[in-house]
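K.L.:
There's a structure below that I have some questions on.
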Amino acid sequence: MAHTILVVDDSEVNRVVARAKLKEAGYFVSTSNDGYEALEALKIEGEQNNPPFDAVLLDVMMPGMDGMEVLAKIRAKWSKLQLPVIMATAKDQQEDILRALGLGANDYVIKPLDLPVLMARLSTHLELKESHEALKRAQNLLMTAARSESTGLLASGVAHEIRNPLGQIQMGISGLESFAKKMPDEDREVGEMIMTTIKQAVAKADGIVVQLMRASEEQRLDLEGADLNQIVTEVVGAVKDQWN
């Protein structure tokens, strides 16, 4: 199923270009021309737990409500893993980039948009989001699963499913690192910060998988043979006085 992306930019030209490039890459795209319209599209005041989009491409500089304000409201409701936000900024807005990352932005791209860079970064964060969602589903399954040998088999299957997207994320990180090496010196520090954050998130997810595997092994039942007649006799003997 194709991912849904919300593009927020006050420039009609930028919205049209971003929409065309993302649709060409196979994404479903919606656009908003300012921060207020973006929050309405996100249903930020609603009661739903899950965001209506898979990711947001958010312009920093907008009249009325700028990208930083929109980002802060998004992060008040959804985490970086629940709704990845990639900021679009001009090349000379280094302070804005650092501020956006501090407010919870997942990543950033420089305008005019470089399609290969945008696709690589967007793909990586969507894979990370999918891994997080798969991990949550796995945890729910393991919490409700009976303490039986089947739990071990379930955990093994879950670990396999989670580690597949984690491996894809690792591949995406390698691609992003190659982009980072080509960045100007003033941008490289920010790029390395993003790479470190992603690597730490992947390592944390992998660690949780290992914990799930260990927990499932501890939950396996050690079955042994029993004399049913002896059990019934002991139970009857324990309660027979209550019958009198």
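The values are calculated or read from the model by the stated rules, or taken from the named source; none is laboratory data. Quick caveat: nothing in here was measured; it's all calculated off a predicted structure. In this analysis, Cβ positions are derived from the backbone assuming ideal geometry, glycine residues included, and neighbour counts consider all displayed protein chains. All accessible areas refer to the heavy atoms of the entire protein, side chains included, with ligands and DNA or RNA removed. Shrake-Rupley method; radii C 1.70, N 1.55, O 1.52, S 1.80 Å.
K.L.:
Taking the conditions exactly as written (over 20 Å from R19 (Cβ atoms) and either open to solvent by less than 50 Å² (accessible area, probe 1.4 Å) or among the charged types (D, E, K, R) (or both)), does L118 satisfy them or not?
P.N.:
Values: over 20 Å from R19 (Cβ atoms): no; either open to solvent by less than 50 Å² (accessible area, probe 1.4 Å) or among the charged types (D, E, K, R) (or both): yes.
It is false that L118 is over 20 Å from R19 (Cβ atoms) and either open to solvent by less than 50 Å² (accessible area, probe 1.4 Å) or among the charged types (D, E, K, R) (or both).
K.L.:
Is it true that some residue in the range 101-115 is in a strand (DSSP E or B), farther than 29 Å from G167 by Cβ, open to solvent by less than 70 Å² (accessible area, probe 1.4 Å) and free of Cβ contacts under 8 Å to residues at least 60 places away in the same chain?
P.N.:
No, every residue in the range 101-115 fails to be in a strand (DSSP E or B), farther than 29 Å from G167 by Cβ, open to solvent by less than 70 Å² (accessible area, probe 1.4 Å) and free of Cβ contacts under 8 Å to residues at least 60 places away in the same chain.
K.L.:
For the range 1-24, which residues satisfy the criterion of being over 20 Å from P52 (Cβ atoms) and open to solvent by 40 Å² or more (accessible area, probe 1.4 Å)?
P.N.:
Correct list: D10, E12, V13, N14, V16, V17, A20, K21, E24.
This table checks each residue for (1) surrounded by fewer than 16 Cβ atoms within 10 Å (Cβ to Cβ); (2) at pLDDT below 75.
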residue: I162; (1), (2): no, no
residue: Q168; (1), (2): no, no
residue: M171; (1), (2): yes, no
residue: E186; (1), (2): yes, yes
residue: E192; (1), (2): yes, no
residue: T196; (1), (2): yes, no
residue: Q200; (1), (2): yes, no
residue: V209; (1), (2): no, yes
residue: R214; (1), (2): yes, yes
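K.L.:
Still on this model: Somewhere in the range 27-36, is a residue within 19 Å of the chain's Cα centre (by Cα) and part of a helix (DSSP H, G or I)?
P.N.:
Within the range 27-36, none of the residues are within 19 Å of the chain's Cα centre (by Cα) and part of a helix (DSSP H, G or I).
K.L.:
Next question. Quick one: in the range 78-95, which of the residues that are open to solvent by 10 Å² or more (accessible area, probe 1.4 Å) and at pLDDT 85 or above is nearest to D59 (Cα to Cα)?
P.N.:
Out of the qualifying residues, it is K80.
K.L.:
Tell me which residues, restricted to the range 25-55, are open to solvent by 30 Å² or more (accessible area, probe 1.4 Å), touching a residue at least 60 places away in the same chain (Cβ under 8 Å) and under 23 Å from D66 (Cα atoms).
P.N.:
D54
K.L.:
If you don't mind, there's one more thing I want to ask. Can you say whether Q93 is polar (S, T, N, Q), out of contact with any Cys (no Cβ under 6 Å at 6 or more places or on another chain) and more than 22 Å from R188 (Cα to Cα), as far as the supplied structure shows? Full working, then the answer.
P.N.:
Details: polar (S, T, N, Q): yes; out of contact with any Cys (no Cβ under 6 Å at 6 or more places or on another chain): yes; more than 22 Å from R188 (Cα to Cα): no.
When the stated conditions are applied, Q93 does not pass them.
K.L.:
So, one more: Restricting the search to the range 1-41, which residues are among the small types (G, A, S) and either within 21 Å of A120 (Cα to Cα) or at pLDDT below 90 (or both)?
P.N.:
A2, A18, A20, A25, G26, S30
K.L.:
OK, next. Against the condition acidic (D, E), loosely packed, with under 11 Cβ neighbours inside 10 Å, within 30 Å of V117 (Cα to Cα) and modelled with pLDDT under 75, how does D222 come out, does it pass? Walk me through how you get there before you give the answer.
P.N.:
Numbers: acidic (D, E): yes; loosely packed, with under 11 Cβ neighbours inside 10 Å: yes; within 30 Å of V117 (Cα to Cα): no; modelled with pLDDT under 75: yes.
Answer is no for this residue.
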